[in-house]
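Peer 1: Input: one structure, supplied below.
We did not get these values from a lab; they are worked out from the coordinates using the rules stated. For clarity, every value in this text was computed on a predicted model and none was experimentally measured. Positions of Cβ are backbone-derived with ideal geometry, glycine not excepted, and every protein chain shown enters the neighbour counts.
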Amino acid sequence: MRKAPFVILAIAALQGCAGDMLAAAAAHADGGPLLATASQFLMLHAAAAIGLAALGRSLANPGRLLFPICGALQVGVTLFAADLASRALGPGKLFPYAAPIGGSITILAWAALALWAAAQALRRAEDEG
């Protein structure tokens with residue numbers, strides 16, 4: 001079977017791991033609020049990616065867009081969280097505009113997922129009708 005769901009799952013597991021570590025660091029570090037936010041974003045999006053990987057694996061034909069959308073979601077949230085963690089633990093920003101770029105990618109990926117889901121619903125309605 002396709003390997004994309006397993007790649008998405010592996011990345012989600014790493015995001016969950018990083019989110020857990022950042023939550024622990026937030027409890028003990030001066031940059032706690034930034035680390036807590038980064039942790040929450042990683043954990044939430046890791047759970048979403050696991051669900052999307054399972055959905056994609058369960059569909060006979062998820063189309064060509066679901067897994068790239070998942071990848072964009074994971075790239076965006078990782079970039080956003082990495083910038084926050086770098087501000088809290090490192091020398092400062094990951095690079096200029098890293099958080100807004102990551103956040104924008106994440107927002108666009110969620111919007112793309114909504115469009116993909118609507119298209120799937122329409123396609124299935126046509127197949128049934």
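Peer 1: Take the Cα gyration tensor of the chain, multiply each eigenvalue by 5, square-root it, and list the three semi-axes largest first, rounded to whole angstrom.
Peer 2: They are 32, 15, 11 Å, listed from largest to smallest.
Peer 1: Follow-up. Restrict the search to the range 59-96; then list the trypsin sites (Lys or Arg not before Pro) that DSSP places in a loop and that have at most 15 other Cβ atoms within 10 Å of their Cβ.
Peer 2: In loop regions of the range 59-96 (DSSP not H, G, I, E or B), the sparsely surrounded trypsin sites (Lys or Arg not before Pro) are Arg64, Lys93.
Peer 1: Which whole-number percent gives the relative contact order of the chain, counting Cα pairs below 8 Å spaced six or more residues apart?
Peer 2: Taking the mean separation of contacting Cα pairs over the length of the chain, I get 24 percent.
Peer 1: Out of the chymotrypsin sites (Phe, Trp or Tyr not before Pro) in the range 52-129, which ones are loop residues according to DSSP with at most 13 other C-beta atoms within 10 Å?
Peer 2: Here the chymotrypsin sites (Phe, Trp or Tyr not before Pro) that fit, given the DSSP loop and packing criteria, are Tyr97.
Peer 1: On a full-extension model of 0.36 nm per residue, what is the gain between Ala54 and Ala119, subtracting their alpha-carbon distance, rounded to one decimal in nm?
Peer 2: 21.5 nm
Peer 1: Pop the C-beta distance of Ala24 and Leu65 into the FRET formula with R0 = 30 Å and round what comes out to the nearest 0.05.
Peer 2: Approximately 0.25, to the nearest 0.05.
Peer 1: For a quick check, take a GNM of the chain with Cα springs below 10 Å and name the residue from Gln74, Gln15, Gln40 with the largest mean-square fluctuation.
Peer 2: Gln40
Peer 1: OK, next. Hey, in the GNM for the chain with a 10 angstrom Cα cutoff, which one of Ala119, Ala85, Ala25 fluctuates hardest?
Peer 2: With Cα springs under 10 Å in the chain, the top fluctuation among Ala119, Ala85, Ala25 is at Ala119.
Peer 1: Taking springs between alpha-carbon atoms closer than 10 angstrom, which of Leu55, Leu34, Leu79 fluctuates most in the Gaussian network model of the chain?
Peer 2: Top of the fluctuation ranking is Leu55.
Peer 1: Pop out the ³J(HN,Hα) list for the range 10-17 in order, Karplus 6.51 cos²θ - 1.76 cosθ + 1.60 with θ = phi - 60°, rounded to Hz; leave Gly and Pro as x.
Peer 2: Whole-Hz 3J(HN,Hα) from phi for the range 10-17: 5, 5, 4, 5, 5, 5, x, 4.
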